[in-house]
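The values are calculated or read from the model by the stated rules, or taken from the named source; none is laboratory data. Here the structure is a predicted model, which means the values were calculated and not measured. Because the Cβ atoms are built from the backbone with ideal geometry, glycine has one as well, and the counts that use them run over all protein chains shown.
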Amino acid sequence: MNELVSIIVPIYNVETYLSKCIDSLINQTYENLEIILVNDGSTDRSGDIARNYANKDARIRYIEQENQGLGGARNTGLKEAKGSCITFVDSDDAIEPAMIETMINTMEKLDLDLLVCDYSRVDENGAVLETYRSPFPDQTVFVPEKDPQVILGDPSACNKMFKKELFDKTDIRFPSRVWYEDLRTTPKLIANAKRVGFIHEPFYLYLQRQGSIMNSAALSRQEESLQAMDDLLYYFKAHHLDKIYEKELEFLCIAHVYVFGINRVARIPKSKAMIEKFKKYMVEKFPDFHSNPYFSMFTPKEKKFYQWIDHNQIWKIRWGDRIKKEMRKWKKH
């Protein structure tokens, strides 16, 4: 079998990084690809760069649209995709040469609806800063209804390969013009998949750069993680999945609201009221969250943040952040 794989790339003002991203796609060892470049209203040279690649490689399709945000651009790609399997790559990131070949072969071998690979965070020079290893065993088939813990992996859409029919039969799409679109989407897709697998290869390379969506320090936008959790809880309840995934949804809330959410908010000035709002949300939604069975899934660093937040020691997060900034300045000199 030589299935067509669709790679969807939303593009917005990434002229500095785009060539490296597209080069990593056209140089895949697996060649039966369609690469869908969705220019989401860029105002820099991104459109010209993408168009030039499309003129040179018949596998590339270039689409231009008014700005709809990351989710809206991905949805445009989904509408156009002809492949039996889909993967998403953000336009400032890159992937290893064997990613698509290894993932499509594993999808077919294990008859999966969804496959997850590990990933690395890299700096602008390509140096690996850290590698995320999935806690789930390699090359093992999970059935989400019986193994509900599989919805607890990193919610990013990018280090995954999906059967296109998973989107078609569920009609799940990414919300437009919001933050935390992956948290609102990926756990729903996993819960609707019949067979899910993991491979322990860090094929996906996330660029850690200043000014990216996840690095933005806008306090008002951080509140959207609460809206994302509301969206998720509503979906699972409306589809009668909330009882199957009760403890898993609780842990997603602990992770993304209580730990990661407060950790982000704490680094922003004048954030005390927002921190209290996040804490109140956690207690109201899941009053018994301290007894959740999944705390072992946290890394030692995440456990430390959880303890600081739980013991009202937010100052330790800020203090650690200040030291990091000073060290970066020192290294520059």
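Collect the residues in segment 1-51 that are assigned to a loop (DSSP other than H, G, I, E, B) and not polar (S, T, N, Q), keeping them in residue-number order.
Residues of segment 1-51 that are assigned to a loop (DSSP other than H, G, I, E, B), as a first pass: 1-4, 12-17, 27-32, 41-45.
Selection gives MET1, GLU3, LEU4, TYR12, VAL14, GLU15, TYR17, TYR30, GLU31, GLY41, ASP44, ARG45.
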Which numbered condition ASP113 misses (of (1) surrounded by 17 or more Cβ atoms within 10 Å (Cβ to Cβ); (2) among the charged types (D, E, K, R); (3) in contact with a His (Cβ under 9 Å, 6 or more places away or on another chain)): (3)
When residues of segment 215-258 are limited to those that are among the hydroxyl-bearing types (Ser, Thr, Tyr) and at pLDDT below 95, the one surrounded by the fewest Cβ atoms within 10 Å (Cβ to Cβ): SER220
Subset of segment 259-314 [touching a Phe, Trp or Tyr at 6+ places or on another chain (Cβ under 6 Å), part of a helix (DSSP H, G or I) and closer than 18 Å to LYS247 by Cα]: VAL259, MET282
Residue in segment 37-77 that is surrounded by the most Cβ atoms within 10 Å (Cβ to Cβ), counting only those that are more than 14 Å from ILE26 (Cα to Cα) and among the acidic types (Asp, Glu): ASP40
Residue match in segment 66-73 (condition: at pLDDT 95 or above, out of contact with any Ser or Thr (no Cβ under 6 Å at 6 or more places or on another chain) and more than 27 Å from PHE198 (Cα to Cα)): yes
Subset of segment 135-179 (residues that are over 15 Å from the mean Cα position of the chain (by Cα) and of a type in the set (Lys, Arg)): LYS146, LYS163, LYS164, LYS169, ARG177
